[in-house]
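The values are calculated or read from the model by the stated rules, or taken from the named source; none is laboratory data. Values in this document were obtained by computation on a predicted structure and should not be read as measured data. Don't worry about glycine lacking a Cβ; one is built from the backbone with ideal geometry, like all the others, and counts go over all protein chains shown.
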Amino acid sequence: MHVLSERRLDTGVLEREFTLGEIPGILWTPAATSSPAPLILLSPPPLGMRMAYDRLAARARHAAVDGFASAAIELPGCGGRPLMPVVEQARTAMRSAMAAGGPVPGEVVDSLVLPLVDAAVPEWQLALDTLLSLPELRGPVGFSGGVISIGTRLAAVEPRVRAAVLFAGSFIPRSVFEEARRVAIPLHVLLQWDDAGNDRQASLDLFDAFGSEEKTLHANMGGHTGVPAFAGDAARQFFTRHLA
């Protein structure tokens, strides 16, 4: 882990930009405390960590108030990282299908999402190895964000992740529904009911497939970026119950 810069935000949160090899990341830790802080992984959207910085930093500030550290890493093929040709080809095919008014074929969804999941989950595990070695951080670990298929895979295979807030709103490959049956940790799923780019029924079916004994679906009216503030408050309470 190579720290590129650090600064104090107006709330006293320490923000450090870092790299893990060629993977950019940001770590936010609360103002000085007497004990290590639990960690929440903030997964950025595919548009890139820089484009989503304001939203990520706001979530990190709120998490710090609750006593949690937060970290984000750039997804593979996003935010200036080398493009993934198979994903770019699938993205073009997806846009063509949507422009024609038809459904996005399953094989296009698989090519769009699965390579990203396959690459991103080991990187999150590498980030966990590194971040949890820092004296100011500890488990248990939470995961928050999308792409929901990444969160599903990580929740299924990584025992250090003990609770997850998952953002519905991305395409879901068929194989991910089977992976969801292996997820046993508490889940809090956010769904925007009027998200034009999201297959609402697929999101509902994925929620049904999760094997968790404790799982909550928060569905709100509005489009993809219209998540109400109180939905974030409920997610904070969820992490406080399971990670504090």
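Only one residue in ARG7, ARG59, ARG50 is crowded, with 19+ Cβ neighbours inside 10 Å and among the basic types (Lys, Arg), so which one is that?
ARG59
Does any residue in the stretch 130-147 that is under 22 Å from GLN237 (Cβ atoms) come within less than 6 Å, Cβ to Cβ, of a residue that is of a type in the set (D, E, K, R) six or more places away or on a different chain, and which pairs are these?
GLY139/ARG160; PRO140/ARG162; VAL141/ARG160
If you take the residues of the stretch 193-213 that are part of a helix (DSSP H, G or I) and of a type in the set (S, T, N, Q), which of them is surrounded by the most Cβ atoms within 10 Å (Cβ to Cβ)?
Within the stretch 193-213, the match that is surrounded by the most Cβ atoms within 10 Å (Cβ to Cβ) is SER203.
Can you tell which of ALA219, ALA164, ALA156 is in a strand (DSSP E or B), modelled with pLDDT of 95 or more and not basic (Lys, Arg)?
From the options ALA219, ALA164, ALA156, the qualifying one is ALA164.
Suppose we filter the stretch 167-188 for residues that are modelled with pLDDT of 95 or more, out of contact with any Ser or Thr (no Cβ under 7 Å at 6 or more places or on another chain) and surrounded by 20 or more Cβ atoms within 10 Å (Cβ to Cβ); how many remain?
0
Keeping to the stretch 73-93, report how many residues are in contact with a Gly (Cβ under 6 Å, 6 or more places away or on another chain) and either closer than 30 Å to ARG241 by Cα or buried (at least 16 other Cβ atoms within 10 Å of the Cβ) (or both).
Residues meeting the conditions: 5.
Is one or more of the residues making up the stretch 235-243 under 17 Å from the mean Cα position of the chain (by Cα), without any contact (Cβ under 8 Å) to a residue 60 or more places away in the chain and farther than 23 Å from LEU112 by Cβ?
No, because not a single residue in the stretch 235-243 is under 17 Å from the mean Cα position of the chain (by Cα), without any contact (Cβ under 8 Å) to a residue 60 or more places away in the chain and farther than 23 Å from LEU112 by Cβ.
Residue by residue through the stretch 138-153, note down the ones that are part of a strand (DSSP E or B), buried (at least 21 other Cβ atoms within 10 Å of the Cβ) and of a type outside the set (A, V, I, L, M).
Selection gives GLY142, PHE143, SER144, GLY145.
All but one of (1) assigned to a helix (DSSP H, G or I); (2) touching a helix residue (DSSP H, G or I) at 6+ places or on another chain (Cβ under 6 Å); (3) over 25 Å from ALA31 (Cα atoms); (4) not hydroxyl-bearing (Ser, Thr, Tyr) hold for PHE171; state the number of the condition that does not hold.
Only one criterion in (1) assigned to a helix (DSSP H, G or I); (2) touching a helix residue (DSSP H, G or I) at 6+ places or on another chain (Cβ under 6 Å); (3) over 25 Å from ALA31 (Cα atoms); (4) not hydroxyl-bearing (Ser, Thr, Tyr) is unmet by PHE171, namely (1).
Considering (1) farther than 30 Å from SER35 by Cα; (2) in contact (Cβ under 8 Å) with a residue 12 or more places away in the chain, say which one HIS62 fails and leave the rest.
Of (1) farther than 30 Å from SER35 by Cα; (2) in contact (Cβ under 8 Å) with a residue 12 or more places away in the chain, only one is false for HIS62: (1).
Can you name the condition, by its number, that LEU190 falls short on among (1) touching a Phe, Trp or Tyr at 6+ places or on another chain (Cβ under 6 Å); (2) under 24 Å from MET94 (Cα atoms); (3) part of a loop (DSSP other than H, G, I, E, B)?
Going through (1) touching a Phe, Trp or Tyr at 6+ places or on another chain (Cβ under 6 Å); (2) under 24 Å from MET94 (Cα atoms); (3) part of a loop (DSSP other than H, G, I, E, B) one by one, LEU190 breaks only (3).
Restricting the search to the stretch 161-214, which residues are among the aromatic types (Phe, Trp, Tyr) and out of contact with any Pro (no Cβ under 9 Å at 6 or more places or on another chain)?
Result: PHE171, PHE177, TRP193, PHE207, PHE210.
Restricting to the stretch 118-149, count the residues that are in contact with a Ser or Thr (Cβ under 6 Å, 6 or more places away or on another chain) and under 30 Å from GLY222 (Cα atoms). Break it down into steps so the answer makes sense when it comes.
Quick first cut of the stretch 118-149, residues in contact with a Ser or Thr (Cβ under 6 Å, 6 or more places away or on another chain) only: 136, 145-148.
Of the ones still in play, those that are also under 30 Å from GLY222 (Cα atoms) are 145-148.
Summing the residues that are in contact with a Ser or Thr (Cβ under 6 Å, 6 or more places away or on another chain) and under 30 Å from GLY222 (Cα atoms) in the stretch 118-149 gives 4.
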